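Read through the structure below, which is laid out as C-alpha cells, and then see the notes.
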DNA sequence: TTCATATGTGCACACGTGTGCATTTTTAAA
DNA sequence: TTTAAAAATGCACACGTGTGCACATATGAA
C-alpha cells in the first residue's frame, strides 16, 4: 500500500523504468504499443509523479513564494488570491509567508525559501526593512524576485507599485471639490518609501488648491481601530479642527468613524473621510467617504507576469518598475 | 556560483560527504574538531540544506496544504493567517489552494497535493462537494487530513466546526430580546451540511420564542453584495415584511443595508441585522446589528493541532470532531 | 543470406541527503 | 611493542526521476 513509482510500473510490466519515464512523457522513440500499455497501467494504479524527485534532478521547483506582512488584510489577501489563481493556471503552487512586520521573520523566510528550492518570490517588505541583504542573498541562488507595494530604494529588483503620490494628491483635490477645506493626513511610519510618497502627494495637493490650512500630518502608532479612534480624538480636540481626514488604512478610518459617532459633537456625518481600501463598506457607512482603490487585480497580475518572465528568462532579467494609478470612488 | 552542497564542503575539506552530513547534525560519533571545522566552513559559505533532497529520501515534506474556497474572505484569510503562523513556528510552510467552489478544481488540488508530497492537509469543502473520493484518495498516500468549517458527513475525517445550529438559535433569541418579532433567515445553498444546521437552529429559535411569524427562509443565489441587495428588495416588497434579517455572510448584509439606505421607506436604521462575520464594521455602520463571531483563532489552532497529531502519529489517528460555539456581539 | 539503417529498450549515472556497515585511525590497557 | 577496544571516518546504497549513450531487435534493400 505504498506510493506507486515508475519503478513499480516498470517491474510490473517487465520493462525498464527509463522506458516508463519516456512512455509517460509520450516520447516519440518509444513504441506506441508500449506507451499505451504504460499509460493504461499508470492511470489504473493512479500513478502520480513525485515532484520532489523531479526538482532534485532539475533543481527548480514549481513553488512560488509570496511574502506579505499579514495575509489577514483585504489588500494582501486579495493579492495573494489572484496570484494563487494565476499560479495554479500555470502549474505552480503558492506558499504564503507572513513577515508580521518583523525583519527577523523576513530573514527566516528567505532562509526557508532557499531551503525549499522555491522557484520565485513575490514580496512586500516589512515596515522596518532597511537592511535588504537577505533578499540580495536570493541572487546567489538565482531565485527570481519581484517586489510589490512596499518597496525599498535599496533593493534593485523588478517592482509593482502604486503611484502613491498621485493618489494622495488626487484625493486632496477630490475632497476640495466636495467642499472640504481642512484636510489632515493620518500616516504610518514615515521612514517607509510608500508613506514618504504619500506625504509628498498630500503636500502637492494642498499646494495646488492653495490650502490655507496648515498641513496636518499625524503619525499613528499602528493601523488598528484603536489607533484610528485615538487620532480622531486628538485631532478633534485641537483648536483648529480638520474637516476631512485621509487615512492610510480603512481600519484607521473605522476607528475614527467610531469616535465621530460616539462623540456628542455631532461631527458625524459631516466630516470627510478618505482611506486606502474599505470599498464598498466605508461608502455605505458614511456619506462623505472616499475610497482610494488600488487596482489589486492588475497589480497582482503584473507581479505574477514579471516573475514569470524572470523565471523563464533567468539570464536576461532586466529590472522593470511598473506603476499603477489608484481609483478614487 | 552554484548552490553549495555537503559534497562541496566535503571536497573542500578533504573529507567524505557523509562525515559532513553527520557533522552538520552534530552527531556524537564525529570528532568535535571536525564538527567545528565543518560548521564554520558551512556558515562561512552560507550553506543551506536542500529540503527537496531530504524529502526524497524520507518521503515526507514540511509543507502543509490549506484548501479554502477563496482566501479573499475575512474568515478564511484569518484562518490561513493563524495556521501559517503556527506552522512556521513548527518548521512547516503553508501552501494555499483555492477551490473556488468548484469540485473540479478541488480534484486538481488533491492531485497536486499528492504530487508535491505534502505532509498534511487542512481543508474546507466547496459547496458542491458531494463526491469525496478525491479526498479519500489521500488515504492511500497516507496524507493526514483535517476538515474545517465546511464538512461532509460522507467524509470520515477529523473535523473542526462551529455549532451552527446553536449559533442561529441564539441569534434568534437575541434579536427577540431586542424586540424584533419577524426574523428572516437568508441562507445559502441548503444542500450543504452547514446550512442545514443553521436552518435547524433558526427553526428551533422561532419555536422557542413562539414566533407568530411564518418562518421565512430565503435562498440567495450567491454571497455577493448584489445578492444581499436583491433579497432585501424582494423581502421588503412583500406584504408581511420581516423586521430583522439574519445573513449567512456579512457581504450579503452590506448589500441589504445598501438597499435599506437608498430605499425611501425609512426602514433604515430600524431593521435588525445579524450576520456571520463583519465585526466590527457592521456594528459601526448600523445600530441594530448583531455579529455572529466564529472563534477563528481557536478553530485554526485546533485544526492545526489535530493535523499535527495525525502527522506525528500516522498509525494511531482516531477521528475527532471538535465543535466550537459562536459569540454574538 | 548479409549488411546497413531504423526503431525500440536497457544501462548507468546524476541530483543532495542520510544511514548501516566496513574500514581505518587513535587510544588505552597489557 | 603488541593487542584489544574505542573512536572517527569512508563506502555504498537508497529515495524517484530523466537523459545520453550503448545495445538489441526489427526493417529494408542488395
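General observations
- Copies compared at residue B:262 - label distances in nm, ascending, label defined 7 Å from Cα in the Cβ direction: 3.2
- Net length gained if the chain between residue B:200 and residue B:315 were fully extended (0.36 nm per residue, minus Cα distance): 37.7 nm
- Note on the range B:225-268: Kirkwood radius taken over Cα pairs, Stokes-Einstein applied at 4 °C and 1.567 mPa s, translational D equal to 127 µm² s⁻¹.
- In this simple spin-label approximation, residue A:130 and residue A:108 carry label points 7 Å from Cα along the Cα→Cβ vector, and these lie 2.3 nm apart.
- Cα gyration tensor shape of the protein assembly as shown, rounded if a/c is under 1.5, else prolate or oblate by comparing a/b with b/c: oblate
- Cα gyration tensor, the range A:219-324 - rounded (a/c under 1.5), prolate or oblate: prolate
- For the range A:35-99, the alpha carbon positions stretch 51, 22, 16 Å along the principal axes, listed from largest to smallest.
- Look at where the Cα atoms of the range A:277-311 and of the range A:11-57 average out, and the two centres are 45 Å apart.
- Once the convex hull of all Cα atoms in the range B:6-50 is built, its volume per residue stands at 62 Å³.
- Helical content of the protein assembly as shown, expressed as a calculated mean residue ellipticity at 222 nm, amounts to -14000 deg cm²/dmol (DSSP H runs of 4 or more residues, -39,500 (n - 2.57) each, divided by residue number, nearest 500).
- Inter-copy label distances for residue A:204: 5.9 nm (label point placed 7 Å from Cα along Cα→Cβ; shortest first).
- Among B:84, B:34, B:286, the largest mean-square fluctuation in a Gaussian network model of chain B, built with springs joining Cα atoms closer than 10 Å, belongs to B:34.
- Ranked for footprinting exposure by Cβ neighbours inside 10 Å, fewest first, A:55, B:79 give A:55, B:79.
- Volume of the convex hull of the range A:125-168 (Cα atoms only), normalised per residue: 75 Å³.
- Förster-model FRET efficiency, 22 Å R0, residue A:173 and residue A:283, C-beta, rounded to 0.05: 0.75
- For the range B:63-104, the spread of Cα coordinates along the three principal axes comes to 31, 21, 8 Å, biggest extent given first.
- Highest mobility in the GNM of chain B, judged by mean-square fluctuation with C-alpha springs under 10 Å and restricted to B:294, B:105, B:48, is found for B:48.
- Tensor-based shape of the range A:7-124 (alpha-carbon gyration tensor, a/c under 1.5 rounded, otherwise prolate or oblate): prolate
- Calculated log₁₀ intensity ratio I(q)/I(0) where the Debye formula runs over C-alpha points of chain B, q = 0.08, 0.10, 0.14, 0.15 Å⁻¹: -0.50, -0.68, -1.06, -1.16
- Normalised per residue, the volume of the convex hull around the Cα set of the range A:164-293 (Å³): 91 Å³
- Across all C-alpha atoms in the range A:62-161, the radius of gyration and Dmax reach 12.4, 35 Å.
- Spin-label pair residue B:100-residue A:208: with each label point 7 Å from Cα along the Cα-Cβ axis, the two points sit 3.7 nm from one another.
- Of B:142, B:104, B:265, the one that fluctuates the most in a GNM where chain B has Cα springs shorter than 10 Å: B:265
- By the beta-carbon count within 10 Å of each Cβ, the least crowded to most crowded order of B:40, B:198, fewest first, is B:40, B:198.
- 7 Å along Cα→Cβ, label-point gaps from residue B:46 to other copies, nm, shortest first: 4.3
- Each residue in A:304, B:236, B:180 was given a count of other beta-carbon atoms within 10 angstrom of its own, and listing them fewest first yields B:236, B:180, A:304.
- Each listed q (0.18 Å⁻¹) maps to a log10 I(q)/I(0) for the range B:136-212, found by the Debye formula over equal Cα scatterers with no solvent: -0.75.
Throughout, read-outs are computed from the coordinates displayed, never taken from laboratory work. Worth saying up front: this structure is predicted, and the values here are computed from it rather than measured. Neighbour counts are summed over all protein chains in view; Cβ atoms, including those assigned to glycine, are modelled from backbone coordinates with ideal geometry.
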